Amino acid sequence: MKIMICKNYDEISKKAASIVLKEIQKKPDLTIGLATGSSPIGLYKKLIEAYQKNKISFKSVTSYNLDEYIGIDRSHPQSYYSFMHEHLFKHIDIQNENIHIPENDITRIDELAADYNKKLHEHQLDIQILGIGSNGHIGFNEPGTPLGNETFIVTLDEQTRMDNSRFFNSLDEVPKYAITMGIKNIMYSKKIILIASGKEKARAVLKMIKGKVTKSFPASILQLHPDCTVILDEASAAKLMDSSKNEQQKIKAVKQKTTINP
Ligand code: GLP
């Protein structure tokens, strides 16, 4: 894993945008996996700015979103369909037919999941953008999700529903189910960029990077990806920095001991 620690959220967004823009410049018909949540909003703003300044075109870019709630309509302001249009798609020149967001019609949900998964098999992602849940979820792969899962229907963790209730009028309104890419789909992406900011994410960041790889903490699997960059601000990196300091102190102490008693 490549870890980048930035001063603040704006710096994270700039860094992430510069990587994405470089990739699109190299390959204008890039296939990109997109995430929702607060974390990538700054990145999307920077991409919009680059487009408005005529620095980039998304005309040949194809996108696949990670997940979507089940139980609210696509037209609901908190659906991920609405989120993506509001925060990115309506501001850039991406072609409608190149946008893919899991459909959530409950009467055909298994068929829709299978179709989405088939498309993901046919179009390997060049780059996947990720955030991280405070419980270690990526996409909506909640703790306990088998690491080999592909697109599936998930029952949302109560922690996730509570975290996301800030976007709804009450906890009761937060959907209980979602359709999400599985961990296997995410790991199949050639490149991964994970963004985390704020002290609320510090514990999750530490476990993702230094913890053991386990399905109880899905983001830990990213340690095994060959090209994963984690972009953090100082607050979300705080526990990671503390643990590195402790490790260095321990190494220093062992070195001193061995010099005194060789
Ligand atoms: C949501 C999404 C994830 C996202 C995560 C963190 O539930 N399904 O894809 O990464 O929670 O969100 P945020 O960036 O708002 O903290």
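No value in this document is a laboratory result; all are computed from the given coordinates. Since the model is a prediction, treat every value here as computed from it, not as a measurement. We place every Cβ from the backbone using ideal geometry, glycine too, and count neighbours over all the protein chains shown.
Overview of results
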{"quantity": "Sole residue being acidic (D, E) and either part of a loop (DSSP other than H, G, I, E, B) or within 16 Å of the ligand (Cβ to nearest atom) (or both), chosen from E103, E111", "calculated": "E103"}
{"quantity": "Out of I179, I186, sole residue that is within 22 Å of H76 (Cα to Cα), among the hydrophobic types (A, V, I, L, M, F, W, C), under 16 Å from the mean Cα position of the chain (by Cα) and buried (at least 22 other Cβ atoms within 10 Å of the Cβ)", "calculated": "I179"}
{"quantity": "Yes/no for G136 being within 16 Å of the chain's Cα centre (by Cα), assigned to a loop (DSSP other than H, G, I, E, B) and on the phi > 0 side of the Ramachandran plot", "calculated": "yes"}
{"quantity": "Of residues in the range 139-163 being part of a loop (DSSP other than H, G, I, E, B) and acidic (D, E), the one farthest from the ligand (Cβ to nearest atom)", "calculated": "E150"}
{"quantity": "Filter result for A35 (under 15 Å from the mean Cα position of the chain (by Cα), within 12 Å of the ligand (Cβ to nearest atom) and aliphatic (A, V, I, L, M))", "calculated": "yes"}
{"quantity": "Every pair of residues 6+ apart whose Cβ atoms lie under 9 Å, when the first sits in the range 48-77 and is surrounded by fewer than 22 Cβ atoms within 10 Å (Cβ to Cβ) while the second is aromatic (F, W, Y) and in a loop (DSSP other than H, G, I, E, B)", "calculated": "Y51/F58"}
{"quantity": "A202, sole failed condition from (1) farther than 24 Å from D105 by Cβ; (2) within 13 Å of the ligand (Cβ to nearest atom); (3) more than 14 Å from the chain's Cα centre (by Cα); (4) not in a helix (DSSP H, G or I)", "calculated": "(4)"}
{"quantity": "Residue that is within 19 Å of V20 (Cβ to Cβ) and either without any contact (Cβ under 8 Å) to a residue 40 or more places away in the chain or not aliphatic (A, V, I, L, M) (or both), where the choices are Q128, Q223", "calculated": "Q128"}
{"quantity": "Selected residue (only one of K184, K191, K210, K252 is of a type outside the set (S, T, N, Q) and free of Cβ contacts under 8 Å to residues at least 24 places away in the same chain)", "calculated": "K252"}
{"quantity": "Members of the range 169-192 found to be hydrophobic (A, V, I, L, M, F, W, C) and within 12 Å of the ligand (Cβ to nearest atom), listed by number", "calculated": "V174, A178, I179, M181, I186"}
{"quantity": "Any hit, the range 53-63, residues being within 16 Å of the ligand (Cβ to nearest atom) and part of a strand (DSSP E or B)", "calculated": "yes"}
